[in-house]
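Structure first, then comments.
The values are calculated or read from the model by the stated rules, or taken from the named source; none is laboratory data. What you see is a predicted model, and the numbers here were worked out from it, not measured in a lab. Every residue, glycine among them, receives a Cβ derived from its backbone with ideal geometry; neighbour counts consider all protein chains shown.
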Amino acid sequence: MSNDINSNQSTAVERTESENVAVAVHNVTKKYGRNMVLDGVSFDIPKNCTFGLIGPNGAGKTTLFSIIAGFVKATNGEVNVLGINVENISALMGRFSMLPQDAAFQSGIPVLKQLVMFGELNGMTKSEAREAALEALRIVGLAEVAEKSASSLSHGMSKRVALCQAFIGDPEVIILDEPTAGLDPDNARNVRDLIRNYAKDKTVIISSHNLKEIENICDHVAILNQGKLVESSKMDRLVAADSMIRIEIGEDIPEGMQDALLAENCVKEFVSIEGQAFTLSTASSSRKETLKALYGVMAGYDIYPTSVREGDSLESRFLHVTGGESDGSSST
């Protein structure tokens, strides 16, 4: 486990004064019967940042989002959004929005009419909601679909229209759960660009299985694993925490080779072993000298790599702190 997390699971992101914190998660636990879904999770999300929440399937991400949004009540602990306890979620009307992963529009009703309804549910008058809905459609580049039925839209257009639901009324804090799931690369890029442009003066919290996407969009990130917070940090600090090398060898690791690799000064630890591949955390040294040492050890066992991947990336850090539990994260 990362040494950034202390004994009561507090975050490595520097604790800031409350006026600089958009979302404060304090010792949140959630149980369903005997099943512990979240176990004492605590971290702060700064204002005006784009924050990624990631973890393997079943880590508790969706449950935590549901607690932050006030849909589900925590068993213990509390969450404050903009200084307001989410048990009083109505006090955040118009300031906070969430786009669930499977958000969908009614097929036979014009898009604008449905967006106006969302605006009215946020406390706007009908005329205010209409103006806000048209502005949201303009932001996502789909003003021309206002009077169209949702059923007439392509999947990519539907995702962009769904973002309007989260953008209506200029909220200060926005949660987006898997905003690019199921999109082709071009449409996914369009959605990412929209988020980047819109999030400049907002707090946007994103969950995604695409770790490269999170790394490119977000400036802070938290990692959940088995219901616990295992890391939370600024993105640049987190991805620089280790130099990771993943080596595939096309056969089982010979007895003794792991110990021989660990005996090299350039190797800090054996992070994970998966089938006929392994991942190493390496100490600071030149790439050339590190690879020379690793290849020398393997050659002594008549082993030659079929693939070597290296670099300080969110994916490598994710695999490190979750014990190698990949969640299908590295798509474009």
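Of the residues in region 33-42, none is closer than 27 Å to V239 by Cβ, at pLDDT 95 or above, β-branched (V, I, T) and part of a helix (DSSP H, G or I).
Applying a threshold of 6 Å to beta carbon distances and a minimum spacing of six or more residues, or different chains, the list of pairs starting in region 18-34 at a residue that is of a type in the set (F, W, Y) and ending at one that is not in a strand (DSSP E or B) is empty.
Within region 35-56, take every residue that is polar (S, T, N, Q) and in contact (Cβ under 8 Å) with a residue 60 or more places away in the chain and give me the one that is surrounded by the most Cβ atoms within 10 Å (Cβ to Cβ). Write out each step before concluding.
Of all residues in region 35-56, those polar (S, T, N, Q) come to 35, 42, 48, 50.
If we keep only those that are in contact (Cβ under 8 Å) with a residue 60 or more places away in the chain as well, we get 42, 48, 50.
Working: S42: 18, N48: 14, T50: 23.
Here the residue is T50.
Collect the residues in region 55-109 that are in a strand (DSSP E or B), among the hydrophobic types (A, V, I, L, M, F, W, C) and in contact with a strand residue (DSSP E or B) (Cβ under 6 Å, 6 or more places away or on another chain), keeping them in residue-number order. Spell out the reasoning first.
Residues of region 55-109 that are in a strand (DSSP E or B), as a first pass: 76-81, 84-85, 96-99.
Cutting the leftovers down to among the hydrophobic types (A, V, I, L, M, F, W, C) gives us 79, 81, 84, 96, 98-99.
Hits for region 55-109 are V79, V81, F96, M98, L99.
Beta carbons closer than 8 Å, at least 6 apart along the sequence or on distinct chains, pair a first residue in region 83-94 that is farther than 18 Å from G119 by Cβ with a second that is assigned to a helix (DSSP H, G or I) and modelled with pLDDT of 95 or more for V86/I67; V86/I68.
Being within 21 Å of the chain's Cα centre (by Cα) and over 16 Å from I109 (Cα atoms) is the filter here, so list the residues in region 151-163 that pass it. Step through it out loud before you land on a result.
So the first thing to find is which residues in region 151-163 are within 21 Å of the chain's Cα centre (by Cα), and the list is 156, 159-160, 162-163.
The answer is G156, K159, R160, L163.
For region 230-271, give me the residue count where each residue is over 17 Å from Y304 (Cα atoms) and buried (at least 19 other Cβ atoms within 10 Å of the Cβ). Counting residues in region 230-271 that are over 17 Å from Y304 (Cα atoms) and buried (at least 19 other Cβ atoms within 10 Å of the Cβ) gives 14.
For region 122-168, a residue qualifies if it is touching a Gly at 6+ places or on another chain (Cβ under 7 Å) and within 20 Å of D201 (Cβ to Cβ), and the qualifying residues are N122, A132, I168.
Looking across A150, A188, one residue alone is closer than 23 Å to F51 by Cα, of a type in the set (G, A, S) and touching a residue at least 40 places away in the same chain (Cβ under 8 Å). It is A188. Of the residues making up region 121-130, at least one is free of Cβ contacts under 8 Å to residues at least 40 places away in the same chain, closer than 20 Å to A69 by Cα and outside the structural domain of R317 (by TED's automatic domain parsing).
Scanning region 105-120 for residues that are within 28 Å of A91 (Cβ to Cβ) and in contact (Cβ under 8 Å) with a residue 24 or more places away in the chain yields a count of 5.
Within region 272-288, is even one residue of a type outside the set (K, R), assigned to a helix (DSSP H, G or I) and modelled with pLDDT of 75 or more? Break it down into steps so the answer makes sense when it comes.
Let us first name the residues in region 272-288 that are of a type outside the set (K, R), namely 272-286.
Remaining after also requiring assigned to a helix (DSSP H, G or I): none.
Looking for residues that are of a type outside the set (K, R), assigned to a helix (DSSP H, G or I) and modelled with pLDDT of 75 or more, one finds none in region 272-288, hence no.
Of all positions in region 121-135, none carries a residue that is assigned to a loop (DSSP other than H, G, I, E, B) and either in contact with a His (Cβ under 8 Å, 6 or more places away or on another chain) or among the basic types (K, R) (or both). Restricting attention to region 296-320 and to residues that are in a loop (DSSP other than H, G, I, E, B) and not small (G, A, S), the residue that is modelled with the lowest pLDDT turns out to be D312.
For region 110-120, what are the residues that are more than 21 Å from T180 (Cα to Cα) and either part of a loop (DSSP other than H, G, I, E, B) or not charged (D, E, K, R) (or both)? So that I can check it myself, show each step before the final result.
As a first pass, look at region 110-120 and keep what is more than 21 Å from T180 (Cα to Cα): 110, 112-114, 116-120.
Within region 110-120, P110, L112, Q114, V116, M117, F118, G119 meet the criteria.
Residues in region 169-198 that are acidic (D, E) and either exposed (fewer than 14 other Cβ atoms within 10 Å of the Cβ) or not assigned by TED's automatic domain parsing to the domain that holds Q101 (or both): D184, D186, D193.
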